[in-house]
Each structure stands twice: as C-alpha cells, then as structure tokens.
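One structure below.
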Amino acid sequence: MRYFILCLAIIIGLLSGGIAVADYQKTTEFESLDELQVFLKTDNTDHHIVFKCGKDGKVSFNNQCEDYAIQLRNRAQTIGKHIEVIPIDYSEYRKWNSKFEVKLRYGQYHMINMAIIGNDCYYIEPQTDNTWMALHLD
C-alpha cells in the first residue's frame, strides 16, 4: 500500500506542475567551469536515490547510470542551464577517467553528462561529480 501511495504522490506532483522541468529552448550553457562546479557541488544527484514505480506498483531502484545522467540534466534545466546526456564506451571512459570509477567491461557503454563552456566540452560523471575536459573545439 505504501508503494501505491508513493507512486500516486509522484504522479500527482507531475500532473499538478509540482515537479517542473524547464523548456529546453530557455536554457543556456554554463558560463564557466566554476559555475558548473558550484552547480555540481550543490546538486545531490550523486547521492540521491532515483525511485521508479513498476507496473506492479512497487518502487525499485536499479542503480542505472542513465537515471543519474537524466536526473542531473533535468536538474540543470530547472535552473535554466543546459547539459547533455551522452553514451560513452569502455575505451573512451577509461581514456578520460583514469580512476575508472564505474566498472565497465569491454564493449559496454556508460551514460554520462557533457557541458559545453565556450569552446570546451566537459564530461561529467553524474555518480561522483568528477569533471574533465574532453574536447577543445578550436
């Protein structure tokens, strides 16, 4: 019964506008790495548990990487900022993230975020808030 009530509360919140996601067209890029890092420090996606209500009415958490990446993107949108959700493969993740925080097998993909600041693309590991510059576009 408590799972049903929790799911009902989430649905009511979504339908009543209690949970809002900003319009993509109204978002802007982060202006500096400092601004991005302040956002990541104040956001709790890396510690927040994402709940999903299944068809059976039970709430479960699958600890899926895409849940973290999508939630971080949505939270950036609520403050009018834009970050991408992108897939990254084993070799690319290992190339940029020497700590190799997420256990991936060869051939596996992982979902992370990307923010564009000026001409630089920064990758963000949403489960730890680690950020690294992946590309410079000029």
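Can you name the number of the only condition in (1) at pLDDT below 75; (2) closer than 24 Å to residue 128 by Cβ; (3) surrounded by 11 or more Cβ atoms within 10 Å (Cβ to Cβ); (4) of a type in the set (A, V, I, L, M, F, W, C) that residue 61 fails? It is condition (3) that residue 61 fails.
Among the conditions (1) modelled with pLDDT of 85 or more; (2) within 14 Å of the chain's Cα centre (by Cα); (3) farther than 18 Å from residue 41 by Cα, residue 119 misses just one, which is (2). With 21, 38 as the choices, which residue is surrounded by 11 or more Cβ atoms within 10 Å (Cβ to Cβ) and modelled with pLDDT under 65? Being surrounded by 11 or more Cβ atoms within 10 Å (Cβ to Cβ) and modelled with pLDDT under 65 holds for just one of 21, 38, which is 21. Here residue 83 passes the criteria (1) modelled with pLDDT of 85 or more; (2) β-branched (Val, Ile, Thr); (3) more than 20 Å from residue 134 (Cβ to Cβ) except the one numbered (3).
The values are calculated or read from the model by the stated rules, or taken from the named source; none is laboratory data. Since this is a predicted model, take the numbers as computed values, not measurements. No Cβ is skipped: glycine too gets one built from the backbone with ideal geometry, and neighbour counts run over all protein chains shown.
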